[in-house]
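A short write-up of the structure that comes next.
The values are calculated or read from the model by the stated rules, or taken from the named source; none is laboratory data. The shown structure was predicted, so the numbers you read here are calculated from the model rather than taken from an experiment. Neighbour counts run over all protein chains shown; Cβ positions are idealised from the backbone, glycine included.
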Amino acid sequence: MSGNHESVVRDPLILGDKTYHQMTEDICRPIEGKANKYWWISFVIAFTAMIWGIICLSYTIGTGIGAWGANKTVGWAWDITNFVWWIGIGHAGTLISAILLLFRQRWRMSINRSAEAMTIFAVICAGLFPVFHTGRPWLDYWMFPIANQFGSLWVNFNSPLLWDVFAISTYFTVSLVFWYLGLLPDLATVRDRCVTPAKKFIYGLLAFGWKGTARDWHRFEEVSLVLAGLSTPLVLSVHTIVSFDFATSIVPGWHTTIFPPYFVAGAIFSGFAMVLTLMIVARKVLSLEEYITIQHIELMNKIIILTGSIVGVAYITEFFIAWYSGVQYEQYAFMNRMFGPYWWAYWSMMTCNVITPQLFWFKKLRTSVMATFIISIFVNIGMWFERFVIIVTSLHRDFLPSSWVMYSPTYIEVGIFVGTIGLFFTCFLIFARVFPVIALAELKSILKRTGSQYLKK
Amino acid sequence: MAKRIYGIYEDEEVLMDAITSLKGNGVVCKDVQSPFPIHGIDKLLDVPRTRIAIVSFMFGITGTSLALLMTWYMMISDWPINIGGKPNMMFYMNLPAFIPVTFELTVFCAAHGMALTFLLRSKLLPGVTAPIPHPRVTDDKFVLHVDVKDENKLNEVVSLIKSSGASEVMLKSMQFS
């Protein structure tokens, strides 16, 4: 076959001279074997954190959002910070599965499955915050345009908050469908390897009777391509609309046209950091080093440099425009960010988001697993602070100096945030034991192009 | 009554060459089951190009129309409200504020409509039993489906498949040799 050969200058993406059968064995091993000690330790920690979150959330529901530190001036605080942070993390999964598919980047195939799973879990965590921020979550169906008994009053389609309802629900369901359709062939592989009848039955149900005929594969590939084409503008629109929640207001520090691209770049930046954090642990624990190679980590680090630099430029542009606009309220908002009472949040953001990713210009650091892991944690923290700085510093000194206040979270709010981290990792750990964490079928189709033994020839 | 023969192959390149040579000998290759998509096999098997992208487009414009109808009815026709001084007397004047929702509903309908169509068209639903002629067809084996109309030619076709590189040949759930 002539089309099967890759340029000799490319490094292999699959190491260890694999055969198709060996790949099946390697990737099904975590599902078929018993969980090891590290899995159980992580699971217990994550599950405990999740339970703590549920307790704090129950307290909030019973008491009302007065249990939080948010007040009249700082009405959006810790909760919306977390919402934007989690949604942003989700964006890397869609970028890897959709945008890199359109660009025909083959290295995405080793990481897309788990990155998409991460997207779904992150969006679940994100969704919790606005749902409970409404204060009376049992009335949240009011957010949908349904005819109601209070007179035919409809939802407000002029409001970015309603756009968010549509954007997040579309994003969540489309990501879920994209992820699950991709899983079908791999679930069929697991089904056909199952020994016990109970497992065979369950995986048989989950695999939807996948048989892998030429016609199925033909349609499958077309569906993946079209879904990628639909998801690409979708993912950009979701964070654009999230940024509209801020940008369409008149609050100094929020009312800027740079927000949509700045938020999208920030989202991808934080998402890749989370993918790296997860993948570096997962490749070790599930022994997938031959599939998620140093080259994969290096390529992701390059995306971190790019998006991190875009975010850095955006910070500086915001500052410049605040000065250049001549609007003193805007100027004050930005001076207050830098040197006001929340200076420490601002400078943590600057250090973590603008300075640390620039270390990846050194090849030694971007090919080092340890350095990547540490920097990815820094980026996760930095991006959380970015949302905190945007929300809290812009609000806490608003139009009337008499209503200027400080904001600090209560342990209930912190507990809910810790709980969502617990929920995220609980879901991810269960995913790693139940579903194939690597898109097996896709990866097999590139073995002869990028497998190490084929490139040697 | 046509007989269905399964030729089991170990490698997709051997399989592709086999299909070409078998077709040259007048053997009817109906389908292939494989653990991953094989590029270029659609042409060999004369699989017609799927129209699922058109389906997606149709669902997409349905979504657009629904969204426009909904926003027009709710915000302009049924209960117009002056919100922040935004013009709400004419649909086209208020339209910019409705674009995000229209876009999201377009994507929603296009994606889900296409996904459902794909599942129904390929008969993929929970509870469906997959016809798996060889247990490793989702692992590393490639199965070629051949139909033989004339039973007298059965042995001839079997030997043709074997000489084309198949490791095993099966006759519809019965092992041949």
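For the reader, a short list of remarks on this structure follows.
- Verdict on B:Ile161 being surrounded by 12 or more Cβ atoms within 10 Å (Cβ to Cβ), in contact with a strand residue (DSSP E or B) (Cβ under 6 Å, 6 or more places away or on another chain) and farther than 29 Å from A:Phe201 by Cβ: yes
- Helices (runs of 4 or more DSSP H) within segment A:18-120 that include 3 or more residues over 26 Å from the mean Cα position of the chain (by Cα): A:20-32, A:37-63
- Of all residues assigned to segment A:207-223, none qualifies as being away from every other protein chain (no Cβ under 14 Å) and of a type in the set (A, V, I, L, M).
- Subset tally (residues that are in contact with a Cys (Cβ under 8 Å, 6 or more places away or on another chain) and either more than 7 Å from every other protein chain (Cβ to nearest Cβ) or at pLDDT below 90 (or both)) for segment A:187-206: 4
- Test set (1) touching a helix residue (DSSP H, G or I) at 6+ places or on another chain (Cβ under 8 Å); (2) surrounded by fewer than 15 Cβ atoms within 10 Å (Cβ to Cβ); (3) more than 7 Å from chain A (Cβ to nearest Cβ) - B:Tyr92 fails condition number: (1)
- Candidates B:Gly113, B:Gly85, B:Gly127: the one that is more than 7 Å from every other protein chain (Cβ to nearest Cβ) and at positive phi is B:Gly85.
- Qualifying residue in segment B:138-146 (condition: facing another protein chain (nearest Cβ under 10 Å), of a type outside the set (D, E, K, R) and over 20 Å from B:Pro35 (Cβ atoms)): no
- Among the conditions (1) closer than 27 Å to A:Ser224 by Cβ; (2) at pLDDT 85 or above; (3) hydrophobic (A, V, I, L, M, F, W, C); (4) in contact with a helix residue (DSSP H, G or I) (Cβ under 8 Å, 6 or more places away or on another chain), the only one that B:Val14 does not satisfy is (4).
- Residue list for segment A:224-247, restricted to those being more than 8 Å from every other protein chain (Cβ to nearest Cβ), among the aliphatic types (A, V, I, L, M) and either over 28 Å from B:Thr138 (Cβ atoms) or without any contact (Cβ under 8 Å) to a residue 12 or more places away in the chain (or both): A:Val235, A:Leu236, A:Val238, A:Val242, A:Ala247
- Out of B:Asp31, B:Asp78, B:Asp46, sole residue that is assigned by TED's automatic domain parsing to the domain that holds B:Leu144 and charged (D, E, K, R): B:Asp31
- Filtering segment A:7-32 to residues that are modelled with pLDDT under 80 and either over 20 Å from B:Asp11 (Cβ atoms) or within 14 Å of another protein chain (Cβ to nearest Cβ) (or both) leaves A:Ser7, A:Val8, A:Val9, A:Arg10, A:Asp11.
- Taking the criterion of being more than 20 Å from A:Tyr332 (Cβ to Cβ), in contact (Cβ under 8 Å) with a residue 60 or more places away in the chain and under 24 Å from the mean Cα position of the chain (by Cα), the residues of segment A:248-267 that qualify are A:Phe263, A:Val264, A:Gly266, A:Ala267.
- Residue within segment A:104-124 that is acidic (Asp, Glu) and out of contact with any Pro (no Cβ under 9 Å at 6 or more places or on another chain) present: yes
- Listed by position, the helices (runs of 4 or more DSSP H) enclosed by segment A:308-425 that each have at least 2 residues that are crowded, with 19+ Cβ neighbours inside 10 Å are A:328-339, A:343-350, A:369-388.
- Selection status of B:Leu95, in the same structural domain as B:Leu69 (by TED's automatic domain parsing), aliphatic (A, V, I, L, M) and touching a residue at least 40 places away in the same chain (Cβ under 8 Å): no
- Checking each residue in segment B:2-52 for being at the interface with chain A (Cβ under 9 Å from one of its Cβ atoms) and touching a Gly at 6+ places or on another chain (Cβ under 6 Å) picks out B:Gln33, B:Ser34.
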